[in-house]
Every structure is written in C-alpha cells, then in structure tokens.
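Here is the structure we will look at, set down as structure tokens.
The values are calculated or read from the model by the stated rules, or taken from the named source; none is laboratory data. Since the structure is predicted, the reported quantities are computational estimates derived from the model, not experimental observations. Positions of Cβ are backbone-derived with ideal geometry, glycine not excepted, and every protein chain shown enters the neighbour counts.
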2 protein chains.
Amino acid sequence: MVMNGRILELATRRKTVRKFDEKEIKIEDVLYCIKAAKEAPSGMNAQPWKFLLVSNPELKREIREICEKGERKFHEKVKGPLRGWLKEKRITWEKRFLEEAPYLLLVFSHKKARYFIQSTWLMIGYFLLALEEKGLATVTYTPPNLDEIRCYLNVPTDYRLEAILPIGHSADEKEKEKRKSLEEIVYLEEWGSKLGEPGKLGKLI
Amino acid sequence: MVMNGRILELATRRKTVRKFDEKEIKIEDVLYCIKAAKEAPSGMNAQPWKFLLVSNPELKREIREICEKGERKFHEKVKGPLRGWLKEKRITWEKRFLEEAPYLLLVFSHKKARYFIQSTWLMIGYFLLALEEKGLATVTYTPPNLDEIRCYLNVPTDYRLEAILPIGHSADEKEKEKRKSLEEIVYLEEWGSKLGEPGKLGKLI
C-alpha cells in the first residue's frame, strides 16, 4: 500500500516542542501559517477566531508570569493520572517557552458562534501543519487561567482564549510521543470490528 | 511577500462539499488520511479518537434516517440567524450525502480524556488537508442527535460522536464560502491593533 504524500510526511515529522532557541523567525512565515489556517471551515462559516501575535519581550514576560501563577496553583492541586504524566514528562509550572519563543500567538474564539471550540481547534490543526512546512515549532499550550490572561490583555468577554502557541525554532531534543496504530483506532462497518482481522483489510495497513 | 507553499495551496483549494458523485473511491486513500490525522497532538497524548468507517449501503441508509429524524425536529424549532443562514444556503433536513458518499467516517472522542473535543477537532483539521491532497471531499457534519446515533451503533457511553464525514468525489458546484482577510483577524502586540495600520506590517499582507 502506497502511503506516501506530503501531508503524511509533515504530520509524521511534526512534534510538540517546549524548548526554543533564540534564533529570530520571519513574521512573514507566521502570517503564511495564519493565512493557510484561516481557510479552514467553521460552523456557519462564522470563522470565530482572532489572533493576537506578541513579540514584545516585556509583554511576553507578563504573559508568562500570569500563566505561571495559574500553573503553580494547578500543579499544587493536580492529582491522579495527570499528576503522574506531568512528572514522567517533566512538565512543571515553569513555562520558559513563553519568553524564549520569538513569537507568542494567542488564539481566541468567539463564544457566541455555534461550534466555536470545534471550529477553532480544527483551524489550529491547519496551522500546525503549515508551521511544520515552514520548519517552525510550537506547543498548543492551554493555560489553566484562561480568563485572567484574557482580562489582562483587554480582550472582550465574548472571546475565549483557546491556546497560546509559542512559535520558534525547536531546541527540544525530546522525541515525538508515540502514536497508536491504525488497527487500534479504526473500525470497519461495526464498532469493535478491526481492520487487521482476517478477511478484512489486514494487507492494506 | 512570498505566500506560496503546499499547505496554503491545499487549504485555499479545499471547500466544504455536500454533494457527491457515485464514483468509487479507494479505501487506501481514506486510510492514508487517517494515518496522517492520527499524527496530530492531543492533550496528554491521549489520542482520544476512534473512527468507524462505513460503506455498507443499508447501514448508511439507517444512519441517514436517524440523522434526518433529528434534523426534522431541529429544523422545526430553529430560530434567529441560524434559520436565515440555513435558508440562504438551502440547507434542509435532508441529508442525501449520508447515502450518496461512498464512505461515511464517523469520528468519536473519548469523553474522559482532557481536552477531548479540542484534540479531536485539531486532528480533523489534519484529516481535511489530507483528503484534499487525495482529491477527496467532505463536510464535517454534526447531527443534532449525536447520542441517538451512538446508541444505534452500539458505541460505549464513554464515547461522543463528534462528526460524520461523508467521503467521496465532489459533485457540488457551490463555490467555497468567502474567508475574512488577515487584517480582520490578526492583531499585533495589542488587541485591536491591526496589521494594516501605518507603520505596521501593511506591506506584508
């Protein structure tokens, strides 16, 4: 089965990055990615998204401080599997990437649009592949105190901060997290009936 | 400003399609798109998605009937701007595409994963670009009676039906819906401060 193609190549190569080097990036490249992302479909074609692009070092520091304040509270109370996962991945309340990345792209959604969360995150999917094409990296960072950041930035209450995407060149040596196989996630005709079963499409995958 | 690139090209070309021709499509192409989509990031790398791929005509008819039952109720009570939009776009309770498309891809999310909706829709963003690369079309159809369909298909209650993607070759002559300009959606450094303003990046966009 021929599986090659540009999108698969970009999607496979792309990994989440939490460390950035100081090398400047071109704002044109970021705008290219937004230009591609804004072509995404959305409920009622509402395009319920706004972008705030930040490179000012003082503003990045302020945003980092507010996020880290929220993160400290969150990390104190977090329990269960998430606590273990954070420890294993060595993810702490510290969010250096919010200052280290040359750009922060704050993505807001308009809460009055139908399917505003779904539409905005679908659009972020486009954005991530465009970034990868440009050789740029990010993490879809979701701070625990979204509304505090929205307030600080004087963003109207109709908008919800969906994510902060730090954008830059990767300095993160961590490998990409493993993905499940097709067999684990695709059923044919019937829930539970897997691709790899005899008589099915085992040879295709 | 050089804006060309493969992702922008695919994203710009891609439009939502609600009419399909009867031409068969290769299941390998659908699997290619899932293979690309499952590379998407997700909260805690939970990969909270499952796919049910349906080509059986009787099953497609049943799914269509259940959806249309929900749609009739929905269309009877819908009001406000959405009612006007549906009328303008000539979108009715009828969902022929659920039978006409050679494949239906039902996308489920696992409700116990953190950010399950966000992660699943980001992944759908990847999927749509991969489909476009393969020359295939879809609409991210969200039935009003998600849970009824889940029940009918014997899908466990931990899963939520996020969308049904009919997949096939486009027979839809409608033009792509217009998108907003970069200037309308991107702010620089400060909410409300637009790209196109004097001294800003007007020449870049």
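General observations
- Some residue of the stretch A:125-138 being among the charged types (D, E, K, R), in the same structural domain as A:Ala11 (by TED's automatic domain parsing), in a helix (DSSP H, G or I) and under 29 Å from A:Arg6 (Cβ atoms): yes
Here is a yes/no grid of residues against (1) of a type in the set (Asp, Glu); (2) more than 28 Å from A:Leu106 (Cα to Cα):
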site: B:Leu153; (1), (2): no, yes
site: B:Tyr159; (1), (2): no, yes
site: B:Asp172; (1), (2): yes, yes
site: B:Lys180; (1), (2): no, no
site: B:Tyr187; (1), (2): no, no
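- Within the stretch A:132-153, being at the interface with chain B (Cβ under 9 Å from one of its Cβ atoms) and hydrophobic (A, V, I, L, M, F, W, C) holds for A:Val139, A:Leu153.
- Of all residues making up the stretch B:79-104, the number that are assigned to a loop (DSSP other than H, G, I, E, B), within 14 Å of chain A (Cβ to nearest Cβ) and surrounded by 14 or more Cβ atoms within 10 Å (Cβ to Cβ): 2
- Residue in the stretch A:63-76 that is without any contact (Cβ under 8 Å) to a residue 12 or more places away in the chain, more than 10 Å from chain B (Cβ to nearest Cβ) and not small (Gly, Ala, Ser) present: yes
- Residue in the stretch B:74-91 that is in contact with a Gly (Cβ under 6 Å, 6 or more places away or on another chain) and either more than 27 Å from A:Lys38 (Cα to Cα) or aromatic (Phe, Trp, Tyr) (or both) present: no
- Selected residue (only one of A:Phe74, A:Phe108 is assigned to a strand (DSSP E or B) and aromatic (Phe, Trp, Tyr)): A:Phe108
- Selection status of B:Ala36, part of a helix (DSSP H, G or I), within 30 Å of A:Thr142 (Cβ to Cβ) and in contact with a Ser or Thr (Cβ under 8 Å, 6 or more places away or on another chain): yes
- All conditions but one from (1) among the aromatic types (Phe, Trp, Tyr); (2) without any contact (Cβ under 8 Å) to a residue 12 or more places away in the chain; (3) touching a Lys or Arg at 6+ places or on another chain (Cβ under 7 Å) apply to A:Tyr32; the one that does not is (2).
- Scope the stretch A:39-59; condition closer than 19 Å to A:Gly168 by Cα, part of a helix (DSSP H, G or I) and touching a Phe, Trp or Tyr at 6+ places or on another chain (Cβ under 9 Å); matching residues: none
- Residue in the stretch A:1-23 that is nearest to the other protein chains (Cβ to nearest Cβ), counting only those that are farther than 16 Å from B:Phe127 by Cβ and at pLDDT 95 or above: A:Thr16
- Check on B:Gly202, modelled with pLDDT of 95 or more and away from chain A (no Cβ under 11 Å): no
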